[in-house]
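Take a look at the structure below.
The values are calculated or read from the model by the stated rules, or taken from the named source; none is laboratory data. All values derive from a computational prediction rather than experimental measurement. Neighbour counts are summed over all protein chains in view; Cβ atoms, including those assigned to glycine, are modelled from backbone coordinates with ideal geometry.
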């Protein structure tokens, strides 16, 4: 067997350095986003086993050709049932090490189900499965240039799509129609799909941070919150605009400006080395000082990448510190139940001395002409 | 506290009858589809705890109003963190039983992660968590009239959408464009969303059973396989049409007729009381006899409901027996790698003496005019 070639990304090498720190001899991955990140394989099912001297991608028959093409440099193991494949690969590897059939393998505790864990323990009695949680959460947090380029492309597609849709919004359209129109524009613009279930929330529905599009028709005087994104090359974007339809009253504009200032202050606070908590605090303390503290009911932001919610969280409880290359949202909001709400969200990449904005739509207060 | 009212569906009562059979005093549900099925709650996050004398729906603050409206007859418990909520509810219930703080609670082994399981065991030392797998898999298999009505509505929306899209397919369109067009038509037709990631696979791509839409442009002489569905009221449909664009050669039509006959034979075999294996065998033995046995690489069908893949499987390995009210797909296929493939799929509800078709598009061989 020829010696293993290092992969261009260095991701496997960085992971292998952690094996002794985590007191494991190998790692088993079942989360398909982690598998994609580490191996390049984009299929919907499989497993990945990484040891000091092996990197094995396990897939079923329908993915063999794709796995060989996408995960060059990995051994590809074909299985009929995934459990049989895992037992084969891990059993063989455990036998190859000095302690003959026993060993410790780390795994994603947040992904593996109790059913899988039970079966593996039964079928590989010499195996000790070591749950990993915090150890793995930052695995994909710092993005490289290719990843940032994909997220930037996703954000550009999504912003362009929203711009075309905003021009078409008229009283009488339903939230559902606007969302379907936006999703179609995102797909036509070259995205694989929408980044998550698009939110279009108008009038009193905009007071719900997690509203789903309803049959409510939009009317003049509504605030409309649209939270949307695109997927490009597997990477996701996330952006939110709140616009007024036809006209806005003074209170709507005032709350918008409070949220906008909170958004700007949080953006200003972002740079490598600062705590996530301090970014949240920059937005939250301003909203508090304006009397809307109780109405800002969620964190200020979160990481985005292959998943739309990733490490780190920008919240009051976070213990994390921003690093250059992390991609995070900044999305303060004020929600007035029974009336309406405002959320403003941009997507940024953290840099040494600040941040660069990846989302494209200006966040000045905007009234859609009708 | 007033006595508990029985729920119209009787689902909770049927579940409670199983508690002694499974040797558990209560059940914890974390799968949101199971929670919706049992309680009516349609939110995206929560937990459900069912004992002989309690039915408690756990949700976070954003879902309180919705939970009270949708899950009438359930106690609603609000949590800040789900884990704290589970510890509160289960700890209180365990203390209320004669053995004071100890007890056995069944849970979905295929859903609960090792991380959740570990924390619950640490925080509730008197609790024995009893994994349930086969016991729960048939929970939602037999549909009632309302469920069948929703699946029928979903199938009607999806079939109508495909009919409009088939008329628009022309050479030069990409698979991706056709899929985006179909998804938009499904949404405009009144569906919440597409039932799964729509498959449009043309030419050599149609030889891949799990193809995703690519940038390949469709051409005269292509077979195009379109696998699609809609969601209505949470319930899903699933249907597949393979059509020829402009013209078809004799081999394409011959393979189509082989698959069609396999489909018809499987449909004919379906009725309450027959084994799922025998339905698979009806399709498979015909395809085998025509020399394409190696090219039919998947099972003949699967249950459909709140999830697009549910119990039972119609496969050679299945041990299940069909019951009246089960909703299953019938979807034989023949795949010729490097050339093209054919899959034909209908959705049916099992009846005492046969089945009723829910999907709407006739499955005769069809050449799209260009």
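Let's see how each residue does on (1) under 15 Å from residue B:303 (Cβ atoms); (2) part of a helix (DSSP H, G or I); (3) more than 14 Å from chain A (Cβ to nearest Cβ):
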residue	(1), (2), (3)
B:120	no, yes, no
B:125	no, no, yes
B:130	no, no, no
B:140	yes, no, yes
B:147	yes, yes, yes
B:152	no, yes, yes
B:156	no, yes, yes
B:159	no, yes, yes
B:163	no, yes, yes
**Asked** For the stretch A:264-282, how many residues are out of contact with any strand residue (DSSP E or B) (no Cβ under 6 Å at 6 or more places or on another chain) and within 30 Å of residue A:167 (Cβ to Cβ)?
**Response** 1
**Prompt:** Of all the residues that make up the stretch A:324-356, how many are in contact with a strand residue (DSSP E or B) (Cβ under 8 Å, 6 or more places away or on another chain) and loosely packed, with under 14 Cβ neighbours inside 10 Å?
**Reply:** 1
**Request:** All but one of (1) more than 14 Å from chain B (Cβ to nearest Cβ); (2) surrounded by fewer than 21 Cβ atoms within 10 Å (Cβ to Cβ); (3) under 27 Å from residue B:174 (Cα atoms) hold for residue A:92, so report the exception by its number.
**Result:** (3)
**Prompt:** Would the stretch A:32-45 turn up any residue that is free of Cβ contacts under 8 Å to residues at least 40 places away in the same chain, more than 25 Å from the chain's Cα centre (by Cα) and under 26 Å from residue A:146 (Cα atoms)?
**Reply:** no
**Prompt:** What's the number of the condition residue B:159 fails, among (1) in the same structural domain as residue B:364 (by TED's automatic domain parsing); (2) free of Cβ contacts under 8 Å to residues at least 60 places away in the same chain?
**Reply:** (2)
**Prompt:** Restricting to the stretch A:266-319, what's the tally of residues that are in contact with a helix residue (DSSP H, G or I) (Cβ under 6 Å, 6 or more places away or on another chain), touching a residue at least 60 places away in the same chain (Cβ under 8 Å) and assigned to a loop (DSSP other than H, G, I, E, B)?
**Reply:** 3
**Request:** For residue A:15, state whether it is within 24 Å of the chain's Cα centre (by Cα) and either outside any strand (DSSP E or B) or touching a residue at least 40 places away in the same chain (Cβ under 8 Å) (or both).
**Result:** yes
**Message:** Taking the condition of being more than 25 Å from residue A:296 (Cβ to Cβ) and more than 12 Å from chain B (Cβ to nearest Cβ), how many residues in the stretch A:193-226 meet it?
**Reply:** 3
**Asked** If only one of A:229, A:234, A:190 is within 30 Å of residue A:144 (Cα to Cα), within 14 Å of chain B (Cβ to nearest Cβ) and either within 19 Å of the chain's Cα centre (by Cα) or free of Cβ contacts under 8 Å to residues at least 40 places away in the same chain (or both), which one is it?
**Response** A:234
**Complete:** Selection over the stretch B:298-308 where residues are at pLDDT below 95 and either in contact with a strand residue (DSSP E or B) (Cβ under 6 Å, 6 or more places away or on another chain) or not assigned by TED's automatic domain parsing to the domain that holds residue B:231 (or both) yields a count of 1
**Members of the stretch A:168-181 that are surrounded by fewer than 24 Cβ atoms within 10 Å (Cβ to Cβ), free of Cβ contacts under 8 Å to residues at least 60 places away in the same chain and either more than 9 Å from chain B (Cβ to nearest Cβ) or more than 20 Å from residue B:175 (Cα to Cα) (or both)** = A:168, A:172, A:173, A:174, A:176, A:177, A:178
**Request:** Could you please give the count of residues in the stretch A:102-118 that are in a loop (DSSP other than H, G, I, E, B) and within 14 Å of another protein chain (Cβ to nearest Cβ)?
**Result:** 4
**Item:** Some residue of the stretch B:21-28 being within 14 Å of chain A (Cβ to nearest Cβ) and farther than 27 Å from residue A:207 by Cα
**Value:** yes
